[in-house]
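Peer 1: This structure is in structure tokens; I'll ask about it shortly.
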Amino acid sequence: MDSFELNKIVGALLGTVFVVFSVTLVADALFAAHSPETPGYAIEAAEEGGHGGPAVEEEAVSIAALLQDADPAKGEAVFRKCQACHTPDKGGANKVGPNLWGLVNRPIASHEGFAYSAPMREFAAGGQEVWDYEHLNGFLLNPKGYIKGTAMAFAGLKKDPERADLIAYLRTLADSPAPLPEAPAAETESAAAAEGDAATANEAAPATGSEPAEEAAPADGGEAAPAEESSN
């Protein structure tokens, strides 16, 4: 092989390398992936608490206030959400959950023949805790939040009137329903203050038709005609 042929081969190799290098540069320029300044699918985790503390638990409104206007008939309709797991009848069978006859003020985790979860038995404190109105209110608002680890697979009733109606219905499931709690004192005072303000406003406002009637024009014969009586 003479030097001319060798030069041709070397030149061809160099040319090929040049072409491949050029194509690589062009491809990188055309198809380079640029990271956006703001991610398109950024998922922000919710912060727990104000300064890294635990998340704030849901707090139930005072059941004593809610029960003042609760309707057991509406609560019976709400109970349809519970029928898959509970029976309301006296002597009714246990299902996925225990029978609920006589539930209000019954010791927690005490119904005969039902196998309660360990967290429920622990919460019961050996029968010292009972299903009073406050416990029912908190548990029905958020079962798993109120008793950690409970086996009750129910999301809870977030609407205060709906929850109060259900508790009012559960109260009726007894031979002698438990007494209703008294309304909070603060609420009673507010109502009394509102009534007092209304009475004061009524006394301050002039009565309708209280302004003196204008003297009527004299009737024929020179005597004044009597003023008409107010219809109010």
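Peer 1: Tell me which residues, restricted to the stretch 77-107, are in contact with a helix residue (DSSP H, G or I) (Cβ under 6 Å, 6 or more places away or on another chain) and in a loop (DSSP other than H, G, I, E, B).
Peer 2: Result: LEU103, VAL104.
Peer 1: Only residues that are in a loop (DSSP other than H, G, I, E, B) and over 14 Å from CYS82 (Cα atoms): list them for the stretch 134-172, please. Don't jump to the end; show me each part of the working.
Peer 2: Of all residues in the stretch 134-172, those in a loop (DSSP other than H, G, I, E, B) come to 142, 147-159.
Within the stretch 134-172, ASN142, ILE147, LYS148, GLY149, THR150, ALA151, LYS158, LYS159 qualify.
Peer 1: Still on this structure: Taking ASP160, is it within 25 Å of GLU182 (Cα to Cα), without any contact (Cβ under 8 Å) to a residue 40 or more places away in the chain, surrounded by 15 or more Cβ atoms within 10 Å (Cβ to Cβ) and of a type in the set (Asp, Glu)? Walk me through it before giving the result.
Peer 2: Numbers: within 25 Å of GLU182 (Cα to Cα): yes; without any contact (Cβ under 8 Å) to a residue 40 or more places away in the chain: no; surrounded by 15 or more Cβ atoms within 10 Å (Cβ to Cβ): yes; of a type in the set (Asp, Glu): yes.
So ASP160 does not fit the description; no.
Peer 1: Under the condition of being over 12 Å from LEU170 (Cβ atoms) and charged (D, E, K, R), which residue from the stretch 131-149 is surrounded by the most Cβ atoms within 10 Å (Cβ to Cβ)?
Peer 2: In this case the residue turns out to be LYS144.
Peer 1: Could we say that ASN105 is among the polar types (S, T, N, Q), modelled with pLDDT of 95 or more and within 18 Å of PRO143 (Cβ to Cβ) here? Steps first, answer last, please.
Peer 2: Working: among the polar types (S, T, N, Q): yes; modelled with pLDDT of 95 or more: yes; within 18 Å of PRO143 (Cβ to Cβ): no.
For ASN105, the condition - among the polar types (S, T, N, Q), modelled with pLDDT of 95 or more and within 18 Å of PRO143 (Cβ to Cβ) - is not met.
For every residue, the table says whether it meets (1) modelled with pLDDT of 50 or more; (2) within 29 Å of ALA64 (Cβ to Cβ).
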| residue | (1), (2) |
| --- | --- |
| LYS144 | yes, yes |
| GLY149 | yes, yes |
| ASP165 | yes, yes |
| ALA174 | yes, yes |
| GLY196 | yes, yes |
| THR200 | yes, yes |
| ALA204 | yes, no |
| ALA219 | no, no |
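Peer 1: Take the stretch 70-101 and flag every residue that is open to solvent by 80 Å² or more (accessible area, probe 1.4 Å) and either among the basic types (Lys, Arg) or in contact (Cβ under 8 Å) with a residue 60 or more places away in the chain (or both).
Peer 2: In the first step, residues of the stretch 70-101 are kept if they are open to solvent by 80 Å² or more (accessible area, probe 1.4 Å); the result is 74, 76, 80-81, 83, 89-90, 95-96.
Within the stretch 70-101, LYS74, GLU76, ARG80, LYS81, LYS90, LYS95 qualify.
Peer 1: Another question, then. Test each condition in (1) surrounded by fewer than 10 Cβ atoms within 10 Å (Cβ to Cβ); (2) at pLDDT below 95; (3) under 22 Å from the mean Cα position of the chain (by Cα) for ALA60 and report the one that comes out false.
Peer 2: (1) is the only condition that ALA60 fails.
Peer 1: Given the condition among the aliphatic types (A, V, I, L, M), part of a helix (DSSP H, G or I) and open to solvent by 50 Å² or more (accessible area, probe 1.4 Å), answer yes or no: does some residue in the stretch 118-130 qualify?
Peer 2: Going through the stretch 118-130, the residues among the aliphatic types (A, V, I, L, M) turn out to be 118, 120, 124-125, 130.
Of the ones still in play, those that are also part of a helix (DSSP H, G or I) are 118, 120, 124.
Keeping just the survivors that are open to solvent by 50 Å² or more (accessible area, probe 1.4 Å) gives 118.
Yes, the stretch 118-130 contains a residue that is among the aliphatic types (A, V, I, L, M), part of a helix (DSSP H, G or I) and open to solvent by 50 Å² or more (accessible area, probe 1.4 Å).
The values are calculated or read from the model by the stated rules, or taken from the named source; none is laboratory data. Note that the coordinates shown come from a computational prediction; the quantities given were computed from them, not determined experimentally. Cβ sites come from the backbone with ideal geometry, for glycine too, and all protein chains shown count toward neighbours. When the accessible area is computed, the model is the full protein with side chains, heavy atoms only, and any ligands, DNA or RNA have been set aside. Shrake-Rupley method; radii C 1.70, N 1.55, O 1.52, S 1.80 Å.
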